[in-house]
Amino acid sequence: MSEEIREEAQVRSRVLEGLDLPKPMAYWHQVWWRFRKDKIGLASAGIIVIVVLLSVLAPWISPYAMDYGPVSNRLANPFSEGHILGTDEQGRDMVTRLLHGGRNSLIAGVVPVFIAFTIGTLLGIIAGFAGSNLNTLIMRIVDIFYAFPAILLAIAIAGALGPGLSNTLIALSVVYTPRVIRIAESVTVQAKGFDFVEAARASGASDIHIIRSHILPNVLSPVLVYNSTLVSISILAAAGLGFLGLGIAAPHAEWGRMLNDLRQSIYVNTWVPILPGVAIFITAMAFNLVSDAVRDAMDVRL
């Protein structure tokens, strides 16, 4: 009897000791905890927040109207009177143009990725979960888009539709959606074979319940990581379309178009023409570093 009491006391002691152990954090809580430890990722996220705030508040914090500028004051040097970053080839203030251009560049960079994420994830899960003829149909259409280089396909679509922000969004969305479909379909096929999915199906759960409760949570992580890398690529692609004259039309500001407008002025003023390129580089690099930090943070083993 005393032996049983001793064993019960040991078991109780182990249970009480276990209560003092730190509890495993929820997945997304742990992702945030790991992301906060990445100083470079946090600093890059801070840069993105600043760029977004400046772009959103551009109409209220810009020192001048977007199209205001006397031609007599064209290509003024940085730190000249009234123009801390100088003026462009038409005498317009560069701070104002960069702030308004940032808004359009961010829209052209983020919105296509969001559209591709939404449509691509949905179609990828449908293709991977349904299988059979529906999977073959969707994935063969995806293969058609993969036959063309991404940037050339974007140029072709934007060229056919004409310049404009909406056409840029359509072109980039069409380019990125098939890539997200392929990622989502691949992960869905893997997740569909997991034991807990088979157990849910055997218990009589509907397909919608299985997708919502078991497939989608497993698909979101890799798709989110992949889409975070697409943002920086999308910003560069949108700037490239703007540089080629296939992006936002004048007189609206956009960093890629500003580079094209100022490229001939580099022989007259060295510093002003590089400012849109610096803005593109900093923003794209910040998104790229954040995507790396997000990828590392989401690589969690519970």
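The values are calculated or read from the model by the stated rules, or taken from the named source; none is laboratory data. Because the structure is predicted, anything quoted here is derived from the model rather than measured. Note that we place each Cβ from the backbone using ideal geometry, even for glycine, and neighbour counts take in every protein chain shown. To get the accessible areas, we keep the full protein, side chains included, count just its heavy atoms, and leave off ligands, DNA and RNA. Shrake-Rupley method; radii C 1.70, N 1.55, O 1.52, S 1.80 Å.
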Self-check item: Among the candidates Val49, Val110, residue that is out of contact with any Phe, Trp or Tyr (no Cβ under 6 Å at 6 or more places or on another chain), of a type in the set (Val, Ile, Thr) and either crowded, with 21+ Cβ neighbours inside 10 Å or without any contact (Cβ under 8 Å) to a residue 24 or more places away in the chain (or both)
Solution: Val49
Practice problem: Spot the failing condition for Ile211; the list is (1) open to solvent by less than 30 Å² (accessible area, probe 1.4 Å); (2) β-branched (Val, Ile, Thr); (3) over 26 Å from Leu42 (Cβ atoms), and only one is missed. | Solution: (1)
Self-check item: the stretch 273-284 residues that are among the polar types (S, T, N, Q), paired with ones that are assigned to a helix (DSSP H, G or I) and open to solvent by 20 Å² or more (accessible area, probe 1.4 Å) (beta carbon under 6 Å, 6 or more apart)
Solution: Thr283/Val51
Quiz item: Can Arg140 be described as under 27 Å from the mean Cα position of the chain (by Cα), touching a residue at least 24 places away in the same chain (Cβ under 8 Å) and not in a loop (DSSP other than H, G, I, E, B)?
Solution: no
Quiz prompt | Selected residue (criterion: modelled with the lowest pLDDT) from residues of the stretch 86-105 that are touching an Asp or Glu at 6+ places or on another chain (Cβ under 8 Å) and either farther than 16 Å from Val268 by Cβ or open to solvent by 30 Å² or more (accessible area, probe 1.4 Å) (or both) | solution = Glu89
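In this structure, is Pro251 assigned to a helix (DSSP H, G or I) and either surrounded by fewer than 19 Cβ atoms within 10 Å (Cβ to Cβ) or modelled with pLDDT of 85 or more (or both)? It would help to see each step written out before you state the result.
Working: assigned to a helix (DSSP H, G or I): no; either surrounded by fewer than 19 Cβ atoms within 10 Å (Cβ to Cβ) or modelled with pLDDT of 85 or more (or both): yes.
No.
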Quiz item: What number of residues in the stretch 43-66 are in contact with a helix residue (DSSP H, G or I) (Cβ under 6 Å, 6 or more places away or on another chain) and closer than 15 Å to Ile107 by Cβ?
Solution: 5
Quiz item: Is one or more of the residues making up the stretch 255-265 under 21 Å from the mean Cα position of the chain (by Cα) and not in a helix (DSSP H, G or I)?
Solution: no
Self-check item: Index of the failed condition, Ala58 passing every other in (1) at pLDDT 85 or above; (2) open to solvent by 70 Å² or more (accessible area, probe 1.4 Å)
Solution: (2)
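Every residue in the stretch 187-206 that is touching a helix residue (DSSP H, G or I) at 6+ places or on another chain (Cβ under 7 Å) and not aromatic (Phe, Trp, Tyr), please.
Taking the stretch 187-206 as the starting set, the residues that turn out to be touching a helix residue (DSSP H, G or I) at 6+ places or on another chain (Cβ under 7 Å) are 187-189, 191-192, 196-197, 200-201.
The answer is Val187, Thr188, Val189, Ala191, Lys192, Val197, Ala200, Arg201.
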Quiz item: Out of (1) within 24 Å of Leu152 (Cβ to Cβ); (2) crowded, with 23+ Cβ neighbours inside 10 Å, what's the single condition that is false for Val272?
Solution: (1)
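This table checks each residue for (1) modelled with pLDDT under 90; (2) in contact with a helix residue (DSSP H, G or I) (Cβ under 8 Å, 6 or more places away or on another chain); (3) under 22 Å from Leu53 (Cα atoms).
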residue	(1), (2), (3)
Ile107	no, yes, yes
Leu123	no, yes, no
Asn135	yes, yes, no
Arg140	no, no, no
Quiz item: So which residues in the stretch 187-222 are in a loop (DSSP other than H, G, I, E, B) and within 20 Å of Asn135 (Cα to Cα), if there are any at all?
Solution: Gly193, Phe194, Ser206
